[in-house]
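A.B. asks: Shown below is the structure under consideration.
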Amino acid sequence: MTRPQRVVAVIVGVSILLADQAVHACPVCFRIDDADVRSGVYAAVFVLLGVTSSVLGGFATFIVRFVRRARRHAGAESNTAS
């Protein structure tokens, strides 16, 4: 670890240790006593996980199709060159 990285790590560590307890969680997450709020937070988390999974799945599908198409194109070029 370089010197600037150590300085940043120490500053962040001291800031976390000296921070007030209220900084560690928002009021909604800190005390979820209401059932409606709890169900809303859970639904939001699942929706965000679903959206993230869908986007990552779309990127993975695009990359797999792109690689297959490149291999097929490379194979067609080598057959016509011979």
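A.B. asks: List every residue pair whose Cβ atoms sit under 7 Å apart, with the two residues 6 or more apart in sequence or on different chains, where the first one lies in region 36-52 and is without any contact (Cβ under 8 Å) to a residue 12 or more places away in the chain and the second, anywhere, is not in a helix (DSSP H, G or I).
C.D. replies: Sorted first by the residue in region 36-52, then by its partner, the pairs are Arg38/Ile32.
A.B. asks: Filter region 4-36 down to the residues that are part of a helix (DSSP H, G or I) and at pLDDT below 75 and list them by number.
C.D. replies: So in region 4-36, the residues part of a helix (DSSP H, G or I) come out as 4-18, 21-24, 27-30, 35-36.
Hits for region 4-36 are Gln21, Ala22, Val23, His24, Pro27, Val28, Cys29, Phe30.
The values are calculated or read from the model by the stated rules, or taken from the named source; none is laboratory data. Since the model is a prediction, treat every value here as computed from it, not as a measurement. FYI the Cβ positions are ideal-geometry reconstructions off the backbone, even for glycines, and counts take in every protein chain you see.
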